[in-house]
1. Residues of region 7-34 being within 16 Å of the ligand (Cβ to nearest atom) and free of Cβ contacts under 8 Å to residues at least 12 places away in the same chain, which ones?
2. Only residues in region 35-55 that are exposed (fewer than 13 other Cβ atoms within 10 Å of the Cβ) count as the first member; pair them with residues that are part of a helix (DSSP H, G or I) and of a type in the set (Asp, Glu), Cβ under 9 angstrom, at least 6 apart or cross-chain, and list the lot.
Amino acid sequence: MNGRHPMDSRVANELGAGFYNALSDAVGTQRCDDTPHHARTLLANRGFDPPEIEKFVAYFREHGGGCDCEILMNCDWLFDSELVSEGQVQ
Ligand SMILES: [Zn+2]
């Protein structure tokens, strides 16, 4: 998991810890249904249009995040660790 992809900082900047925390809440309360369903909803709520959303979903999948819980487990490194800790992720 070394070697940050150039898009990583873009993902972190555009989504930030708020996205990670919101996704964590969604999975915690509503469970993962083995799709990036909550991630898509959160992206739509943030005003991304469908092509942008699919770009993020594809990016998460490429990095081991094929569904919501996998995004949390495998893509947390995408989000700035300082931002994430400010957001009080356990
Ligand atoms: Zn899952």
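1. ASP25, GLY28, THR29, GLN30, ARG31
2. These pairs meet every condition: THR35/ASP68.
A short reminder: the numbers here are calculations on the coordinates, not readings from a lab. Since this is a predicted model, take the numbers as computed values, not measurements. In this analysis, Cβ positions are derived from the backbone assuming ideal geometry, glycine residues included, and neighbour counts consider all displayed protein chains.
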